[in-house]
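Comments concern the structure below.
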Amino acid sequence: MTNTCDPRPTPLSGIFKGTFAYLTIRDRMPAILTKVIDQMSRLASQYYNSNSLSKAEDAKEIVSKLCKLKNEMQTNKVIRKLNDFSNDSDMWNQFIEKMPILVEGETKPSWFTVAWLHCECYMYRRIIETFLESKFHTELDPYFDQKSDAFLSSIDAIKVLTCYLNNLKSINSQIYLYKSFEDLLEYSLWSNKCDLSISFNGNNQIKSADEQNYLKANIISNHTDQLWTYLDCMRLSTGKGIITFVLDNVGFELFSDLCLADFLLTFKFCAEVHFYVKCMPWFVSDTTAKDFFWTIEQCVNSTDKNISDLGKKWQSYLDNNLFSIVEDTFWTLPFDYSMLEQETPSLYSKLSKSKLILFKGDLNYRKLFGDRNWPYTTNIKDASSGFLPAPWCTLRTLKAEVVVGLVPGISEKLETELDNWMTSGVYGVVQFCI
């Protein structure tokens, strides 16, 4: 076993049979690969039918490599280094050389003997490698159709939230301001249920406003009041500064995040909002810069005037640097955030200029706390290993077997109510660290 110096609990891993991590590596990750394989097979057929033979052969080569990757995973082969020459390849390969192995006596990392976080990130990076090595498909996003469908299928929820935001133009009381903030924060939280890497065959419609009130009871660790106190003090003192979103899913979740960001700007909780996106297609539904611009464009071109006007406003925010999109390769590396300052000090420095960082979703949560088997009542500062470039808040629905910061007795109660309470997306957390 390697890496015995880390004092934190054991990482979630495929070595623990029957756990969500094990079942994900065994079942869900191969299913995600199969979906990409099927898509590229259909594309190859379309190329053949249109007599684009070179492109067809290129697509077939991608299919062949993805099938090989799937076999490597399912038969627990050794995790090899990357073969492409992207700007992150050296960092990946250095990490693979030293990847912690969790089984005594094993000398080389394999899919079921390393941390789930590491092999899952590696799978998505290997998918990208396959496209980068192709002749005609280096820029293709294999998940784009799924992501665009998720946005378009959420149009009713988008209309509801647009009307809600438009009705906030004249807030004339502190109580109403707080209630509006709370509502938009909870929209941003529960929209995180729309995760295509979890429910790629599911219904991604968000709940209505009435149902959202019902969901409030399912926030099992809720620091909204503490977050509000901090933000309101910041608003009253300066009204300036940067609020940063480290984004998760495109679709209705991104739209909800944009609405929350709009509110924070409009009511002078900050002077600008930075959105960190992935620099490559990642975990099926994670937001890239292309996805961000596409979403704004869809809003601008909407036949619904309210949505169109909102899209035009957000485009003007982008044009005037009130909204900024930021890419960094760190977000698609396998490191948890305790390593961020060491591995990418420039990013840590940028984040430290924020008044608040909002970490969205399950992957960010897993990386904040090392994706480890922490006792559920562990203090969030302790579990995040001192990671604090700026005050941060995590908004996440539970879709992996890691959670911290719970009041004693909560987990025991939830276990009697729902067997899969940690992975179903039924429960959420709003956790603030300062």
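The values are calculated or read from the model by the stated rules, or taken from the named source; none is laboratory data. Here the structure is a predicted model, which is why all the values come from computation and not from measurement. Every residue, glycine among them, receives a Cβ derived from its backbone with ideal geometry; neighbour counts consider all protein chains shown.
Scanning the stretch 404-419 for residues that are assigned to a loop (DSSP other than H, G, I, E, B) and in contact (Cβ under 8 Å) with a residue 40 or more places away in the chain gives Gly405, Leu406, Val407. Filtered by the rule that a residue be closer than 21 Å to Met123 by Cα and among the hydrophobic types (A, V, I, L, M, F, W, C), the stretch 315-339 gives Phe330, Trp331, Leu333, Phe335, Met339. For the stretch 10-27, the condition of being more than 26 Å from Val402 (Cα to Cα) and free of Cβ contacts under 8 Å to residues at least 24 places away in the same chain holds for none of the residues.
Here Gln431 passes the criteria (1) more than 22 Å from Leu227 (Cβ to Cβ); (2) among the polar types (S, T, N, Q); (3) touching a Gly at 6+ places or on another chain (Cβ under 7 Å) except the one numbered (1). Here the helices (runs of 4 or more DSSP H) wholly within the stretch 133-198 that include at least 3 residues being modelled with pLDDT under 95 and more than 30 Å from Asp84 (Cβ to Cβ) are 155-166, 174-190. Thr394 fulfils the conditions (1) part of a helix (DSSP H, G or I); (2) crowded, with 23+ Cβ neighbours inside 10 Å except for a single criterion, (1). Just one of the numbered conditions (1) crowded, with 17+ Cβ neighbours inside 10 Å; (2) closer than 27 Å to Asp27 by Cβ is not true of Ser134: (2). Checked against the criterion of being under 23 Å from Trp228 (Cα atoms) and of a type in the set (Ser, Thr, Tyr), the candidates Ser338, Ser324, Ser354, Ser349 yield just one match: Ser354.
What are the residues in the stretch 85-107 that are surrounded by 13 or more Cβ atoms within 10 Å (Cβ to Cβ) and assigned to a loop (DSSP other than H, G, I, E, B), if any? Ser86, Asp88, Met99, Pro100, Leu102, Val103, Glu106, listed by residue number.
Among residues that are free of Cβ contacts under 8 Å to residues at least 12 places away in the same chain and polar (S, T, N, Q), Thr113 is not included. If you check Ala31 against the conditions, is it of a type outside the set (S, T, N, Q), in contact (Cβ under 8 Å) with a residue 12 or more places away in the chain, surrounded by fewer than 16 Cβ atoms within 10 Å (Cβ to Cβ) and in a helix (DSSP H, G or I)? Against the criterion (of a type outside the set (S, T, N, Q), in contact (Cβ under 8 Å) with a residue 12 or more places away in the chain, surrounded by fewer than 16 Cβ atoms within 10 Å (Cβ to Cβ) and in a helix (DSSP H, G or I)), Ala31 qualifies.
Remark: Thr423 falls outside the filter, which requires a residue to be in contact (Cβ under 8 Å) with a residue 12 or more places away in the chain, under 21 Å from Trp116 (Cβ atoms), part of a loop (DSSP other than H, G, I, E, B) and more than 19 Å from the chain's Cα centre (by Cα). Of the residues in the stretch 72-84, at least one is of a type in the set (D, E, K, R), assigned to a helix (DSSP H, G or I) and under 30 Å from Thr10 (Cβ atoms).
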